[in-house]
Structure formats: structure tokens, C-alpha cells
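So the structure is just underneath, and the comments pick up after that.
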Amino acid sequence: MPFQVTAYTPNVKPGAYQAVCTGVTEKAAKDDPSNIFRVWDFTLRDGTGRTISGSSSLATSPKSKGGKWLAALLGRAPAVGETVEPVGQACTIIVALKETTGYEYVETVAAPTEAPATSPVKPLTSTETPATPVEEVTGDLPF
């Protein structure tokens, strides 16, 4: 039976998506079983159930891809020696296409865009009193 050959169509188009980290596994490279890396799975929060993966080395230092992704998922840089769980954490992922194959992959992981904004102003505790208010200026202003 003859059939027509078609090009690959990405399941997830390039762009930014709200997602949740739904898995992190370690795999060995096909050509070198001693080369272990992490595969991060992200499920889109658009109700479609689509999942996309990205990979990183095992490194978790602040400048490594895995370290940056982990900090984005946790909302902070983890401390050395700390045990963390990225699965279940919300994020924004940037999806790109590989130039050589046209397959989609997670290029960047960032904080979720709907994360509540935090104020740079420290809130007062119940034992603190507010600063003295500035006197109201009346009359003409000097400028």
C-alpha cells in the first residue's frame, strides 16, 4: 500500500508556556553508558495534557543549566547539600525547535508568570511602629 511521507509537525510550537515539572529522571547516553544526564518533563498547564522534555547534565551549580532550572522551579537558589524536589513546581518554559531535526525541546525554565509579586518593602511586625509621618507642606512649593 503506498503512502505519502510527511514532515515532522511539532506537538508544541515554539514559544513561552506555563507548565509544571512532572518528572526528573537520569538516563545514560546511547553512545557512552557512563555519560549520565537528567531528563526533565514538563506538562503544559493549558488543559491539553501535552508534555515536553528538556535535558541537562547532573550539575546543579548556579551557573549550570540544571542549577538555573532548579532555582527557577524553587523560586530561590538551593543551598549546597540541600535535598530538593522539583516535581510539582510551576514554571514558565520556553520551547524551541532543534535546527538539525525540527523537534521541539525545552530551552529555558523560568519562574511562572502568574507567581505573586513580592514587595521589596519589609512588612511591619506587630511589635514595630510605623515611621513618623512627613509633615504636610502647605503653601507654594519651591519648585
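What follows draws every value from the coordinates through simple rules; no lab data is involved. On a predicted model such as this, the values are computed, not experimentally measured, just so you know. Neighbour counts run over all protein chains shown; Cβ positions are idealised from the backbone, glycine included.
Charge dipole of region 38-121 (Cα centre as origin; +1 on each Lys and Arg Cβ, -1 on each Asp and Glu Cβ, all else neutral): 200 debye, rounded to the nearest 20. With only the Cα atoms considered, region 38-120 has a convex hull volume of 122 Å³ per residue.
Computed over region 8-71, the P(r) curve from all C-alpha pair distances, binned at 10 Å from the origin, holds 19, 42, 32, 6 percent per bin. Using only side-chain charges placed at the Cβ, +1 for Lys and Arg and -1 for Asp and Glu, the dipole size of region 65-110 relative to its Cα centre rounds to 120 debye.
Using a Förster distance of 22 Å, how high is the FRET efficiency between LYS13 and SER55, based on the Cβ-Cβ distance and rounded to 0.05?
On the way: r = 20 Å, r/R0 = 0.91.
The computed FRET efficiency comes out at 0.65.
Computed extension length for PHE3-VAL39: 9.5 nm, one decimal, from 0.36 nm per residue of separation with the Cα-Cα distance subtracted. In this simple spin-label model, placing a label point 7 Å from the Cα along the Cα-to-Cβ direction at both THR48 and ALA77 gives a separation of 3.6 nm.
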